[in-house]
Amino acid sequence: MTVRPPTLRDKRRYVLVRVDPPGTPIDQKELYYAISDAITALWGDAMAAVIVQAVICVEGDYVVIRCRRGTERELTIALSTITMYRETKIALRIIAASGTIDSLRDRMKAPVTTGAAETPAGECRFGGKEYLVVYCDGQKIDVIEKGFKNTHRLFLTREDLEEP
């Protein structure tokens, strides 16, 4: 079977979604079914067949969802109706839509701010060791130890980084 030329392929769009609350474990298959149910409940089976949604990847608190070009609006409206996942209250926040996954991955790597009281954004000291700040959202701060071998990941709060 030969590969279809680009002019005959379906145009696709990718939607970047952030899951709130942060740290909620997401299973791609279960999220796919939740999104599929939301689309079918809101738009019906005919529109669900037109949207052709798929969960492409889950990276941390971010999810990339694929749909057919021109149906991003209907997909994002259906995503905003999802409030429960595995008996846990969640909210899917739409960040961006794009034609490529690479451009959405750049959006996932947003600049980190740690606030005015702490050390410069992106670095901190804890327990006599230096760490890089990977994620900072409100009171939760994820850091990775600087170095090449035996690096450790810590999940801290702002109070942990404040000096006495």
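Quick note: the coordinates plus some simple rules give every number you see, no bench work behind them. Everything numeric here is computed off the predicted structure, so don't read it as measured data. As a convention, Cβ positions derive from the backbone with ideal geometry for all residues, glycine included, and neighbour counts pool all protein chains shown.
Please state the shape class of the range 10-108: rounded when a/c is under 1.5, otherwise prolate if a/b exceeds b/c and oblate if not, all from the C-alpha gyration tensor. Oblate.
Full extension of the segment from TYR33 to ARG107, taken as 0.36 nm per residue of separation minus the current Cα-Cα distance, would add 24.1 nm. Once the Cβ-Cβ distance of LYS129 and ALA46 is raised to the sixth power relative to R0 = 45 Å, the FRET efficiency obtained is 0.20. A full extension of the chain between LEU154 and ILE77 corresponds to an added length of 24.1 nm, given 0.36 nm per residue minus the alpha carbon distance.
With a cap of 13 neighbouring Cβ atoms within 10 Å, and only residues DSSP puts in a loop, list the trypsin sites (Lys or Arg not before Pro) found in the range 1-103.
Details: sites: ARG9, LYS11, ARG12, ARG13, ARG18, LYS29, ARG66, ARG68, ARG69, ARG73, ARG86, LYS89, ARG93; in loops: ARG9, LYS11, ARG69, ARG86.
Sites meeting the loop and neighbour criteria: ARG9, LYS11, ARG69, ARG86.
With an a/c value of 1.5 or above and a/b larger than b/c for the gyration tensor axes a ≥ b ≥ c computed over the alpha-carbon atoms, the range 1-45 is described as prolate.
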